[in-house]
Amino acid sequence: MTKRSTGVRALDQRMEGGINSSAVMLLLAPPGSGKTILSERFVIDGLNKNEKVLYIATGMGYDSLIKVLKSGGLKSEKSILFIDCFPWRSPGMNPPAGATLTVLPSITDLHELAPRIR
């Protein structure tokens, strides 16, 4: 089975190469335990390998996310599909060519999400 790096070398070693590529993972841990940092490392690693990344925002806008990811070593955000679940928020910048920004009319309108994921 193909493995994907988590973006954290020590964790990849403990997981015998990373996350199974067909796996669905759910991170459950107390506040301050590193869930956000692990997620950011995973996204940065995937994007830097030109893999497609689906990011569903539940707190941070596109511009803020990209700023955080670039400070962590992101080279290009072109293959990110960004779904903003807060339609009242203006992202503040347009995604670069090749990136996709979607704003859902409401968090309850998830049926509109499926056709936008490639």
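The values are calculated or read from the model by the stated rules, or taken from the named source; none is laboratory data. Quick caveat: nothing in here was measured; it's all calculated off a predicted structure. Surface areas here come from the heavy atoms of the whole protein model, side chains and all, with no ligands, DNA or RNA. Shrake-Rupley method; radii C 1.70, N 1.55, O 1.52, S 1.80 Å.
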Please work out the ratio of the alpha-carbon Rg of the stretch 29-70 to 2.2 N^0.38 Å and round it to two decimals.
1.19
Probe 1.4 Å, all protein chains in place: accessible area of THR6 in Å², nearest 10?
0
